[in-house]
1. Of all residues in segment 278-303, which are aliphatic (A, V, I, L, M) and open to solvent by 10 Å² or more (accessible area, probe 1.4 Å)?
2. From the list MET248, MET238, MET259, MET226, which residue is in contact (Cβ under 8 Å) with a residue 12 or more places away in the chain, surrounded by 16 or more Cβ atoms within 10 Å (Cβ to Cβ), part of a loop (DSSP other than H, G, I, E, B) and of a type outside the set (S, T, N, Q)?
3. Only one of LYS310, LYS337 is assigned to a loop (DSSP other than H, G, I, E, B) and more than 21 Å from the chain's Cα centre (by Cα). Can you tell me which?
4. If I filter segment 262-272 down to residues being closer than 19 Å to LYS174 by Cα and of a type in the set (A, V, I, L, M), which single residue comes out as most open to solvent (accessible area, probe 1.4 Å)?
5. Does ALA203 meet the test of being open to solvent by 10 Å² or more (accessible area, probe 1.4 Å) and within 19 Å of LEU365 (Cα to Cα)?
6. Has segment 110-118 got any residue that is within 28 Å of GLY328 (Cα to Cα) and at pLDDT below 95?
7. Quick check on SER254: is it within 25 Å of SER193 (Cβ to Cβ), among the polar types (S, T, N, Q) and surrounded by fewer than 20 Cβ atoms within 10 Å (Cβ to Cβ)?
Amino acid sequence: MAALVSDSLAKKNNDKASENSTAQVIGGHGTNSYSNNSSYQRLSANVVTKKIEDAIMKNLDVETLSSTSNIFRVADFGCGVGSNTINSMQDLLQIVEKKYISQCPTSSQMPEFQVIFNDQFTNDFNTLFTYLPQDKQYLVASVPGSFHNQVLPKSSLHLAHCSYSLHWLSRLPKELRDERSPAWNKGKIHYTSAPPEVLMAYATQFAEDLDDFLSARGREMVSGGMIVIVGSSVPDGMPYSQVVNGIMYDCMGSILMDMVKTGSISEADVDAFNLPIYACPPGEFIEGVERNGLFSIEVIELMNPAPWLKGPIDIPVFVKHVRAAMEGMFSNHFPSKAIDELFDHLVLKLSDISQQLESCYRDGLQLFAILKRK
């Protein structure tokens, strides 16, 4: 591709970046598919399993919830593709069953359980359902659509789960691509190492998205229902450039600018592209929940998402996981040949700074929160 493009093509790419701002993982069972490259995500989710059990056993009143319905509904918002979501839902159901036995020991029968899988319309639900166990003891449904909108009937949901999904913005702030704006993110693809106006644009959009998410769940959820949230975060006040993902996003931007110099892509392509990812600090999350007013915060803490990760990072494996989760965003904006070039160079660039990555702060990069519907 030529290094320069017309204004009309740049405008087209701006529109495309906005329309496809949310995550689009690689479906199917291929080498680069999310289903075959999401073990890191599962291990991170496993870190909080015991904490989820403790919160449900303490805060979920299943006796009151079952008095109004003989069906107990659980939903995973932003389920993705592969076995992770199914394993998480089965873990939740086992905990809920344990709570029923504990709280309702004289009950002769468990309620029926229904599990609802939600993600974007482009999600590969066909592949997802191939991972369902044949002997499952629950009903299953998929509901495509943005979780920033209501996707389930009013007062029909008892327990919601959202793991590593809320950090995807519903759309990119327009000012990131406005040359007249102080938040114009020229030559960069993320708020890492960008001017404070760029960070503020991301934070403002996330706050709006969080309010939409909570308002939608508030309409769907019965009083006393709970939301389990696990996701990317960073301690209050810590620059994102001090964590592995922030360094990686800077490397991606640097690689893309190098590709501009070789003519693989245009500078206008890079200027029009921004990663729709925001790691919300706990202070901002608390403010958003309190401002929304529909939920109480039962538990909130920061955790190490990878206590199991000891020693050097396996860079090629790490990049494969990143590619499985993020390739869709890049392929919607850049030519296919450029995608291979980007991720090939990313392996080399991260390998060169592997010691820096290993020394990065890791302890408080996973937000764990339990919210209860008032």
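1. We begin by selecting, within segment 278-303, every residue aliphatic (A, V, I, L, M); these are 279, 286, 289, 294, 297, 299-300, 302-303.
Listed by number, the residues that qualify are ILE286, LEU294, ILE297, VAL299, ILE300, LEU302, MET303.
2. On the way: MET248 fails: part of a loop (DSSP other than H, G, I, E, B); MET259 fails: part of a loop (DSSP other than H, G, I, E, B); MET226 fails: part of a loop (DSSP other than H, G, I, E, B).
Just one listed residue meets the conditions, MET238.
3. Details: LYS337 fails: assigned to a loop (DSSP other than H, G, I, E, B).
Only one candidate qualifies: LYS310.
4. The initial filter retains those residues of segment 262-272 that are closer than 19 Å to LYS174 by Cα, namely 267-272.
Now drop any that are not of a type in the set (A, V, I, L, M), which leaves 268, 270, 272.
Numbers: ALA268: 33, VAL270: 0, ALA272: 3 Å².
Here the residue is ALA268.
5. Values: open to solvent by 10 Å² or more (accessible area, probe 1.4 Å): yes; within 19 Å of LEU365 (Cα to Cα): yes.
Yes, satisfied.
6. Within segment 110-118, the subset within 28 Å of GLY328 (Cα to Cα) is 115-118.
Right, trim to at pLDDT below 95 and you get none.
The answer is no; no qualifying residue exists.
7. Values: within 25 Å of SER193 (Cβ to Cβ): yes; among the polar types (S, T, N, Q): yes; surrounded by fewer than 20 Cβ atoms within 10 Å (Cβ to Cβ): yes.
Yes; evaluated as a whole, the condition is true for this residue.
This table checks each residue for (1) over 28 Å from THR49 (Cα atoms); (2) of a type in the set (D, E, K, R).
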residue	(1), (2)
MET257	yes, no
GLY283	no, no
GLU287	no, yes
ARG323	no, yes
SER354	yes, no
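The values are calculated or read from the model by the stated rules, or taken from the named source; none is laboratory data. Keep in mind it's a predicted model, so treat the numbers as computed, not measured. Cβ: placed from backbone, ideal geometry, glycine included. Neighbour counts: every protein chain shown. The protein model used for the area step is the full one, side chains on, heavy atoms only, and it has no ligands, DNA or RNA in it. Shrake-Rupley method; radii C 1.70, N 1.55, O 1.52, S 1.80 Å.
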